[in-house]
Amino acid sequence: MIGPTWKDEVLKVQQDSSLPITSRCNKILDVLKQNGLCYKQSIEPKMILVHVKNRGGQLVSVGDVHSKGAAMAQIGFSMAKIGESVCFELPTSVPEKEKVLQANKSLAELSNQQLCGPLGCERFASVSSSHLVTFLRAVLASCKTSEAELSTNGFLSLDSMMQKKDDLKQMCMDGWDWLVISSEVETHIPELAQFLAQALNSDHGVKTASNELETACTIASIYELQAADAKDLKKAEQAAMASRPACGNYIGAITAFVKQYTGGEAFPLLKLLQSIGKQYGGSTVWGQEFTELLAFTDFKSKETTYPWIRLALATCQMCASKQYIRDGISKLVNPSDFSKLKQKGMAVQVAAAEKLLMEAWQLCQGSPLTLDQKAQPMGRYLTRVALFLLGKGAKGPEAKVYKQLEEITDIFTAEMMSMGKYGKMDVTEPAAPSSASAQQASVPCGLEATADPAKIALASLKNLEVGKYYFFATEPLKVYKFESIDATKAVLLHKPFFGAPDKKEIQHKDLKGLKLWAKPMPTLQPAEALNALQPSVCMMAEFGRAKAQHLLYQKYQELFGFKIESCPMGTQVCCVSCTPRLGDFDLVVSNTNQLFANNKFSKNDLVLIPLGHVVLQPKEKVTKSSVVLQLAGWKFDDALVVSHSKCNFEKQSGHWCPFFWCKEMKEEKDKDDAAQPTEKATLVRATVKNLDLTIPCLKNKVALQIGTPLWVELQEEAKKRKKP
């Protein structure tokens, strides 16, 4: 089936990090089967090569192929012990197919006749069971072997190995069932082979744990497959962790090594180390302590971070002889060796070695050799240099002690010249690594950055970045912009609100005193914001509300006889004791909320005004029951509304304002209606003024006696609505 449907479904499963990687692998294979893109077929070993994406691009390790073959021979070859074998059809594209053939051919050529190269009949490329099928191809081709228990005069012999009468002959001659994925799938999803190889990393029941180099290569490979605008080593690290590699507890150190010391986004140094590992390193584990020292050791140099010295140490550790490997972990290079290289007395020699290794790589870059061919002399040169610096030449693969770096360099040069049969040797400057993503948070550092004092200074202080803002602890309110940095000094610029800018030039060693300014940059507030928030602009409505509140209280005091006396402490006016003329309580109320006069009042003698807090209320929220004050000159959108006062007679809380308790008289009924109340409206709505404030009020329109019920006359609008 061709089209985006199956592709989208596969990608969705592949990116679902909530599932274990093996579960995702199984689901992907199910989707491909359902769409006719994955089928089962019995395949002979001679028909299968190793996929170029297997084990992070390492394909297989020559040493591992034979050591695992020996382990399988010891327990007996068994068809039942073969795990799920998965392969891809070889690409239909000629250039892509040629990549697979060339990678397998190169590996065979570099194996010292221990592996079988392409035969011309191959149709598939494995992403699992790769060590097994490669070993069986070597058996069929009677390749050389260094494993004594497998050797017949130094070679593999099918006839000799069949003496155990296990399943070896059947495996070699007939093959076994494989799940074959259509080449069309890889055309649409190039990264899928890398993912499946990562998930299917066990052979013939012998678990092959990902070591540090394979994990580093997996991280780099995933990074290269990421979209150009979304490259992130941290995300690549997370994807590599999905297969739970044995080095997962310190994968951060592996990512740091990949980022800082492998040559940039093309990872030239890592790919060189990978090629060396394929030929010499087997599945040797570096160990957590070594890996962390490799990634995080500070050699205290302002000129270089020593990427080549680190690569030499990694090569030395990876290619250690068997007597220095304990429990699968190489112990040849130890913490004391890193301490030795950091000593002041070693500084000149270590710097010279770094320069020689860099020049050697430039010589390799100027040659027509393939990477695997370059890896042979470079691998030996790196190992010899590292062992010379550590004083461990006798413990190396050659068991030879060299007296001078020049002697080792002369041997390397001779080895390179002896490879002249591959083409003319020219020393050319290597192409600079891509820097398109230099501004991203987690991208690899190019080789030029490892020898740039400015970049080294920035890398040693993680929080420093040109363009960001910082301050000194001694001047916490003086913020500087990190303008630039060169080989010896950095430029900081402080722009005060008033006055000339303050420019500082400080040495690299003084950059440690800088602290990141995490708050927004100090700036003056814009004039527009200041003007909009001036009290004369934004507080005018509040001033008017306060004036209305004052005038309302003042009117209440006036009506109920409060006296305003001069303050005894001066001329300031204050409110003191009151002598009511009519009294606050010349009305009474029942528990049914009916009001009555509690005194005799002549017509218009009783005036009730609202008493409460004056609030600003949006006009759209003003209702007919709202008590609205009118203030002369009021031009604001909000209305001045007196809030309803609340009181609780039982709890004796709040205050009682009769104005809010008066009810409107019900509509008059026919004279013949027996239920017609005898009471008449006794109060009418009116207004009173206090200077600029007009206040709604209630006045008695008739004389009142003690006990007269108080009813407010129905408003004209209400009367009109109730007419039939």
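Considering each residue of segment 151-158 in turn, none proves to be outside any loop (DSSP other than H, G, I, E, B), among the small types (G, A, S) and touching a helix residue (DSSP H, G or I) at 6+ places or on another chain (Cβ under 7 Å). Of the listed requirements (1) out of contact with any strand residue (DSSP E or B) (no Cβ under 6 Å at 6 or more places or on another chain); (2) open to solvent by less than 40 Å² (accessible area, probe 1.4 Å), S626 misses just one: (1).
Candidates A246, A295, A230: the one that is under 29 Å from E191 (Cα atoms) and in contact with a helix residue (DSSP H, G or I) (Cβ under 6 Å, 6 or more places away or on another chain) is A295. Could you please let me know if A312 is of a type in the set (A, V, I, L, M, F, W, C), in a helix (DSSP H, G or I) and surrounded by fewer than 22 Cβ atoms within 10 Å (Cβ to Cβ)? For A312, the condition - of a type in the set (A, V, I, L, M, F, W, C), in a helix (DSSP H, G or I) and surrounded by fewer than 22 Cβ atoms within 10 Å (Cβ to Cβ) - is not met.
Going through segment 336-346 one residue at a time, which ones are open to solvent by 50 Å² or more (accessible area, probe 1.4 Å) and touching a residue at least 12 places away in the same chain (Cβ under 8 Å)? Steps first, answer last, please.
Kept after step one, since they are open to solvent by 50 Å² or more (accessible area, probe 1.4 Å), are these residues of segment 336-346: 336, 339-340, 342-345.
Once the filter is applied, which keeps residues that are open to solvent by 50 Å² or more (accessible area, probe 1.4 Å) and touching a residue at least 12 places away in the same chain (Cβ under 8 Å), segment 336-346 yields K340, K342.
The condition (being in contact with a Ser or Thr (Cβ under 8 Å, 6 or more places away or on another chain), more than 30 Å from L150 (Cβ to Cβ) and open to solvent by less than 10 Å² (accessible area, probe 1.4 Å)) is satisfied by just one residue among L59, L37, L49: L37. Among the residues of segment 615-650, those identified as assigned to a loop (DSSP other than H, G, I, E, B) and among the acidic types (D, E) are D637, E650.
May I ask you to say which residue of G277, G263 is out of contact with any Asp or Glu (no Cβ under 9 Å at 6 or more places or on another chain) and within 21 Å of S106 (Cβ to Cβ)?
G263
Against the criterion of being more than 25 Å from G120 (Cα to Cα), open to solvent by 50 Å² or more (accessible area, probe 1.4 Å), out of contact with any strand residue (DSSP E or B) (no Cβ under 9 Å at 6 or more places or on another chain) and not aliphatic (A, V, I, L, M), S17 qualifies. Residues to consider are D16, D30; find the one that is outside any helix (DSSP H, G or I), under 28 Å from Q238 (Cβ atoms) and without any contact (Cβ under 8 Å) to a residue 12 or more places away in the chain. After ruling out the rest, the residue left standing is D16. The criterion of at least 2 residues that are free of Cβ contacts under 8 Å to residues at least 24 places away in the same chain and within 17 Å of the chain's Cα centre (by Cα) is met by the following helices (runs of 4 or more DSSP H) wholly inside segment 208-269: 233-241. For segment 18-32, the set of residues classified as in contact with a Lys or Arg (Cβ under 9 Å, 6 or more places away or on another chain) and within 27 Å of L59 (Cβ to Cβ) consists of P20, I21, listed by residue number.
For segment 315-332, the set of residues classified as crowded, with 20+ Cβ neighbours inside 10 Å and part of a helix (DSSP H, G or I) consists of T315, C316, Q317, M318, listed by residue number. Are any residues in segment 178-197 among the small types (G, A, S) and closer than 19 Å to P95 by Cα, and if so, which ones? Correct list: S182, S183, A193.
The values are calculated or read from the model by the stated rules, or taken from the named source; none is laboratory data. All values reported here derive from a predicted model rather than from experimental measurement. Reconstructed Cβ throughout: ideal geometry from the backbone, glycine too, with neighbour counts over all protein chains shown. Quick note on the areas: whole protein, heavy atoms, side chains included, nothing else; ligands and nucleic acids left out. Shrake-Rupley method; radii C 1.70, N 1.55, O 1.52, S 1.80 Å.
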